[in-house]
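> Before anything else, here's the structure in question.
The values are calculated or read from the model by the stated rules, or taken from the named source; none is laboratory data. Quick caveat, the model's predicted, so the values are computed rather than measured. Don't worry about glycine lacking a Cβ; one is built from the backbone with ideal geometry, like all the others, and counts go over all protein chains shown. Note: accessible area is taken over every heavy atom of the protein model, side chains too, but ligands, DNA and RNA are not part of it. Shrake-Rupley method; radii C 1.70, N 1.55, O 1.52, S 1.80 Å.
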Amino acid sequence: PHSLITSNKPIHNYSTIITDLEKQDNILQASPYISFQAISSSKYSNRGVMVIGIDYKKEKFISIIPQYIIDGSIEFLEKPNSIIIGSWLAADLGVFLGDKINITTSDIKTSIIGSYPKSIEVEIVAIFELRAEIDQSLTFISHQTAQKLKGLDTSTQAIRLKTTNLFDADKISIEAI
C-alpha cells in the first residue's frame with residue numbers, strides 16, 4: 001500500500017468510507033487494516049511477530065504479498081482462524097502448510113478464572129517468501145479474525161490506500177479525508 005489512514009479511535013462505518021475513497025480519481029484501492037504485535041508459538045518454538053488483519057479479497061490489488069506466496073493461497077484466509085506466514089518464520093517454528101500455531105496478544109481477557117492474554121489457535125493456509133528479513137516476523141490474518149482478537153466488533157484501526165502516484169500518496173491521503 002502507498003498510504004495508511006489511521007485514527008486514535010476505532011473507525012466505524014469503514015465500508016462506507018472505503019466506498020467513498022475509491023470514488024476519488026487518485027485512489028485506486030482502499031481496504032481495512034488492523035495491526036498488532038503478538039507471540040507466535042508452535043510446539044517447537046516461539047517468535048514475536050507483527051500480525052496484520054487484511055481484506056484478503058482486496059490484497060492482490062493493494063500489496064505484492066500475494067505474488068510471493070510459495071505454498072497455499074491468500075484466498076484460504078476465508079477459512080476461520082487461518083494465517084499466512086513468512087518462510088523464515090515457518091522454518092523457525094518448525095511448521096508447514098496445514099499446521100496450527102498459537103497467536104497470543106498483549107490484550108488481556110478477564111473471566112471468572114482470572115485475567116490472561118488473548119490467544120487463538122490458527123491454521124497456516126499459505127506461506128510467502130520475499131527473501132527478506134520480513135519473512136521472519138510478518139503474518140496475515142483475515143480482517144474479521146483481527147477484529148475478533150482486538151475486540152473491534154464492526155470497526156477497524158486503519159484504512160490502507162493504493163494511489164495513482166506513489167510519490168504523491170501523502171498529499172492524496174490528506175486531501176482524501
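> Among the residues of the range 1-29, count how many are crowded, with 18+ Cβ neighbours inside 10 Å and either part of a strand (DSSP E or B) or hydrophobic (A, V, I, L, M, F, W, C) (or both).
The number of residues fulfilling the criteria is 8.
> Continuing with the same structure: Can you find a residue that is in contact with a Gly (Cβ under 6 Å, 6 or more places away or on another chain) and over 19 Å from GLN37 (Cα atoms) anywhere in the range 76-89?
Looking through the range 76-89, none of the residues is in contact with a Gly (Cβ under 6 Å, 6 or more places away or on another chain) and over 19 Å from GLN37 (Cα atoms).
> Another question, if that's okay. Give the residue that is farthest from LEU161 (Cα to Cα), with candidates limited to residues of the range 30-46 that are open to solvent by less than 80 Å² (accessible area, probe 1.4 Å) and more than 16 Å from the chain's Cα centre (by Cα). Lay out the reasoning, then the answer.
Initially, the range 30-46 is screened for residues open to solvent by less than 80 Å² (accessible area, probe 1.4 Å), giving 30-36, 38, 40-42, 45.
Then keep just the ones that are more than 16 Å from the chain's Cα centre (by Cα); that gives 41-42, 45.
Details: SER41: 31, SER42: 34, SER45: 35 Å.
Applying the filter and picking the extreme gives SER45.
> How many residues, within the range 87-104, are assigned to a strand (DSSP E or B) and open to solvent by 70 Å² or more (accessible area, probe 1.4 Å)? Before the answer, list the steps.
Taking the range 87-104 first, the residues assigned to a strand (DSSP E or B) are 100-104.
Now drop any that are not open to solvent by 70 Å² or more (accessible area, probe 1.4 Å), which leaves 100.
Residues in the range 87-104 being assigned to a strand (DSSP E or B) and open to solvent by 70 Å² or more (accessible area, probe 1.4 Å): 1 in total.
> Sticking with this one: Of all residues in the range 105-144, count the ones that are farther than 22 Å from ILE64 by Cβ, loosely packed, with under 14 Cβ neighbours inside 10 Å and basic (Lys, Arg).
In the first step, residues of the range 105-144 are kept if they are farther than 22 Å from ILE64 by Cβ; the result is 105-123, 144.
If we keep only those that are loosely packed, with under 14 Cβ neighbours inside 10 Å as well, we get 106-117, 121.
Retained after the next criterion (residues that are basic (Lys, Arg)): 109.
Here the count works out to 1.
> Could you run through the range 145-174 and say how many residues are in contact (Cβ under 8 Å) with a residue 60 or more places away in the chain, open to solvent by 70 Å² or more (accessible area, probe 1.4 Å) and not in a loop (DSSP other than H, G, I, E, B)?
Number satisfying all stated conditions: 2.
> Sticking with this one: Can you tell me which residues in the range 107-133 are of a type in the set (Gly, Ala, Ser) and more than 19 Å from the chain's Cα centre (by Cα)?
SER111, GLY114, SER115
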